[in-house]
Amino acid sequence: MAGKKKLPLSGNTAIAYAVKAADVDVISAYPITPQTTIVEKLTEFVANGELDAEVIHVESEHSALSAAVGASAAGARVFTASSSQGIALMYEIMFIASSMRLPIVMAMATRALSAPINIWNDHSDFMAASDTGWVMMMAHTNQEAHDDIILAYKIAEHPDVLLPVITAIDGYFMSHTIEPVEPIEREEALKFIPKKVTWSVLDPDNPVTMGPLGTPEWYYEFKRQQHEAMKKAREVFDEATKEFEKVFGRRYEPVEYFMMDDAEYALVAMGSVAGNVKAYIVKEARKRGIKLGLIRVKLFRPFPAEEIMEVISNLKAVGVIDRALAFGSSYGGPLYGDILSAAYTRGVDTPIVNFVAGLGGRPVTFRDIKAMVDATLALDGKTRKDVPKEPYFIGVRE
Amino acid sequence: MEAVRRLRKHPLDGLLRPERLPHLWCPGCGLGIALGAILRAVKRRIEEGYLQREKTAFIGGIGCSARASLYVDFDSAHTVHGRAIPFATGLKAVRPDMKVIVIGGDGDIAGIGGNHLMHAARRNIDLLVIMMNNMVYAMTGGQLAPTTPTGLYTTTTPYGNPERPINVVKLVATMGANYVARAAVTHPPLIERYVYKALGKKGFAFIEVISTCPEVFGRHIGMRDAVDLLNALRERVVVKQRPHIDESYYEWEGGKFVLGEYVDKDDPSYLERIGVIKG
């Protein structure tokens, strides 16, 4: 596959190209910054005849996901996209989509939540979706954002999974930033994700009712099955990424490790801020002799606890960067909460500290990362009892 | 210097927050014309002693138009997309002595918040809702709105809009509002007159202001120049004293925008019905 043609694509356009390659049948669209150009590009593809899909210009995000649920229940391959308040408005239907086991794929260009109104990037919207029963991934490059869509359909439509999937990119930092992307052509995409209805659909010849009352005698079993499906999603993710590498030559892991081979300390991050950390490691930390590495979480749900803990257990200290806040929680940032639970249940004693940074689009600078690294290094030789009980709020005016 | 300072003073400065200016609206946008006319009406009502500034609130949702609530020097709230009317309803219920004015765009008021508009009108709650209709989702860059005329090009309908626009005037009239009027930025005195009148009405008052967005609406239909778009709208505008409700449907190609007061009646308002104020 080497030497294929690359195009200069923004994160949003890269996603639109992948959706075109996946040959989706229905797109429901409602504009919201910074996602809008994804569906804008898709309507252009449809209007040009490059993609044979129905575009539904709905009147709200609640309707966008509802229309997606309806179309998926009718057996269509469905796509929608949103951000921030749009995700918040979809919240009700997100649970419906996952409980009805409909393999909808939604792209999310992450953005802060109101109030105050803020159109810039953080992970508040993504984290708010974390317990809705969707498989969740976050990309780090525009190529990955493109590939994630193809992987998402592979995972979502797998008969053992049948869960909706969110593929996220960071708003503006990725959604509106251009990088070289090697687009996957429709023919090769459809070999990887053939169009086959693997899920229960409405069928007039054999009528079923979807989503009726689940009494106390039955409701719990549905939830247990969703839990099992999420575990299966992890197996299928591993199979799918292996097959993806064979076909397209690009390898994705649930967790990306950067300079971790000899690392003694690590920062854990998601999304575009991982790029800043990588640059800091190369340009600053390693030059000063600090054996710092990066653990980038790509797959967030199901959470890849085992592999993260395997690496963390050998380190002297770890810092977790959260770009969202779990107000009133016992931990601080949502990613930190997952890491701590994983550490407790796997008996990992490494001191792990939390940093909250970059809320509402505030840049995470080298100076900020240095502060995080210093605080992480200060835990060298300490135990988990010495870890601050409050997160460090990096780059905020107190 | 004093002369310069005096010159720079705008007649509506006292009602605006100059520290928030310049506003975010693009050159050639119709929203400034409309806000000026609205504030002139509000000013007259204040000067007459009918309105008290400390008992007047401006509520906006999300969008270019909704930003008006940021620029006026009154109590104001910038709420969530589509939810300005529920916010205003709550405010009015607790502070029936206040005059609550909602300013929003067509996507905000008639699209994502359309359900709230219907029910506020049905309830005939004592609010003034001013919907600036530029017929497109402007702030996000010009996507198809539920008010976009059939056949027009937008960023999400590059080969023309196959859908029909919602007739908001007729919808609100059908739901039983006490006052329903349509104005346009081509005729600012009409906006002022209707707002002035609506501020004196009990029950639900609704004014649609047809506005111009040369930047993202005009651009896609070949009229990026603000004057061209304003003239194109002016050619399509017809003013009537009491137009029939059936004249309210609009089209762009070969169509008309009939301005005027469609509904003007004095049915019991919501606050009267629940006994908060005397009829």
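The values are calculated or read from the model by the stated rules, or taken from the named source; none is laboratory data. None of these values were measured; they are calculated from a predicted model. Using ideal geometry, Cβ is built from the backbone for each residue, glycine included, and neighbour counts are taken over all protein chains shown.
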| request: Filter region B:154-165 down to residues that are assigned to a loop (DSSP other than H, G, I, E, B) and either in contact (Cβ under 8 Å) with a residue 24 or more places away in the chain or buried (at least 19 other Cβ atoms within 10 Å of the Cβ) (or both) and give me whichever is farthest from the other protein chains (Cβ to nearest Cβ). | output: B:165
| field | Condition met for residue A:251 (in a loop (DSSP other than H, G, I, E, B), among the basic types (Lys, Arg) and more than 26 Å from residue A:25 (Cα to Cα)) | value | yes
| said: Can you find a residue that is of a type in the set (Asp, Glu), surrounded by fewer than 16 Cβ atoms within 10 Å (Cβ to Cβ) and not in a loop (DSSP other than H, G, I, E, B) anywhere in region A:274-289? | reply: yes
| message | Going residue by residue through region A:347-356, is there one that turns out to be in the same structural domain as residue A:270 (by TED's automatic domain parsing), assigned to a helix (DSSP H, G or I) and farther than 18 Å from residue A:386 by Cα? | response | no
| request: Read through the list (1) of a type outside the set (A, V, I, L, M); (2) under 14 Å from the mean Cα position of the chain (by Cα); (3) part of a loop (DSSP other than H, G, I, E, B), then give the number of the only condition that residue B:97 fails. | output: (2)
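For every residue, the table says whether it meets (1) surrounded by fewer than 24 Cβ atoms within 10 Å (Cβ to Cβ); (2) not basic (Lys, Arg).
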site	(1), (2)
B:123	yes, no
B:138	no, yes
B:178	yes, yes
B:196	yes, yes
B:201	yes, no
B:210	no, yes
B:217	no, yes
B:225	yes, yes
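Yes or no: residue A:111 more than 12 Å from chain B (Cβ to nearest Cβ), of a type in the set (D, E, K, R) and within 26 Å of residue B:61 (Cα to Cα)?
yes
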| note | residue B:253 vs (1) over 26 Å from residue B:141 (Cβ atoms); (2) among the charged types (D, E, K, R); (3) in contact with a Leu (Cβ under 9 Å, 6 or more places away or on another chain): all pass except (1)
| In region A:124-132, is there at least one residue being at pLDDT 95 or above and within 14 Å of chain B (Cβ to nearest Cβ)? | yes
| Of all residues in region A:232-256, which are β-branched (Val, Ile, Thr) and either modelled with pLDDT under 95 or more than 19 Å from residue A:97 (Cβ to Cβ) (or both)? | A:241, A:247, A:255
| task | Would you please list the contacts, defined by Cβ atoms under 9 Å and residues six or more apart or on different chains, that run from a residue in region A:6-35 that is without any contact (Cβ under 8 Å) to a residue 12 or more places away in the chain to a residue that is of a type in the set (Asp, Glu)? | result | A:31/A:40
| request: Taking residue A:229 as the residue in question, decide whether it is among the hydrophobic types (A, V, I, L, M, F, W, C), at pLDDT 95 or above, surrounded by 15 or more Cβ atoms within 10 Å (Cβ to Cβ) and in the same structural domain as residue A:177 (by TED's automatic domain parsing). | output: yes
| If you take the residues of region B:37-51 that are over 12 Å from the mean Cα position of the chain (by Cα) and touching a residue at least 40 places away in the same chain (Cβ under 8 Å), which of them is surrounded by the most Cβ atoms within 10 Å (Cβ to Cβ)? | B:42
| query | If residue B:87 passes every condition in (1) outside any helix (DSSP H, G or I); (2) crowded, with 19+ Cβ neighbours inside 10 Å; (3) aromatic (Phe, Trp, Tyr) but one, which one does it miss? | reply | (1)
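Residues checked against (1) of a type in the set (S, T, N, Q); (2) crowded, with 20+ Cβ neighbours inside 10 Å:
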| residue | (1), (2) |
| --- | --- |
| A:8 | no, no |
| A:14 | no, yes |
| A:19 | no, yes |
| A:22 | no, yes |
| A:28 | yes, yes |
| A:38 | no, yes |
| A:48 | yes, no |
| A:57 | no, yes |
| How many residues, within region A:31-89, are more than 10 Å from chain B (Cβ to nearest Cβ), of a type in the set (A, V, I, L, M, F, W, C) and assigned to a strand (DSSP E or B)? | 4
| remark: Note: among A:166, A:119, just one is in a strand (DSSP E or B), of a type outside the set (Gly, Ala, Ser), out of contact with any Gly (no Cβ under 7 Å at 6 or more places or on another chain) and within 29 Å of residue A:359 (Cβ to Cβ), namely A:166
| remark: In region B:56-91, anything more than 14 Å from every other protein chain (Cβ to nearest Cβ) and more than 17 Å from residue B:125 (Cβ to Cβ) is listed as B:65, B:68, B:71, B:72, B:73, B:74, B:75
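So, in region B:120-153, of the ones that are assigned to a strand (DSSP E or B) and more than 9 Å from chain A (Cβ to nearest Cβ), which residue ends up nearest to residue B:38 (Cα to Cα)? Spell out how you get there, then give the answer.
Taking region B:120-153 first, the residues assigned to a strand (DSSP E or B) are B:128-133, B:137, B:143.
Still in the list and also more than 9 Å from chain A (Cβ to nearest Cβ): B:128-133.
Numbers: B:128: 11, B:129: 12, B:130: 9, B:131: 12, B:132: 11, B:133: 15 Å.
So the residue we want is B:130.
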| query | Within region A:371-398, how many residues are over 26 Å from the mean Cα position of the chain (by Cα) and closer than 24 Å to residue A:173 by Cα? | reply | 2
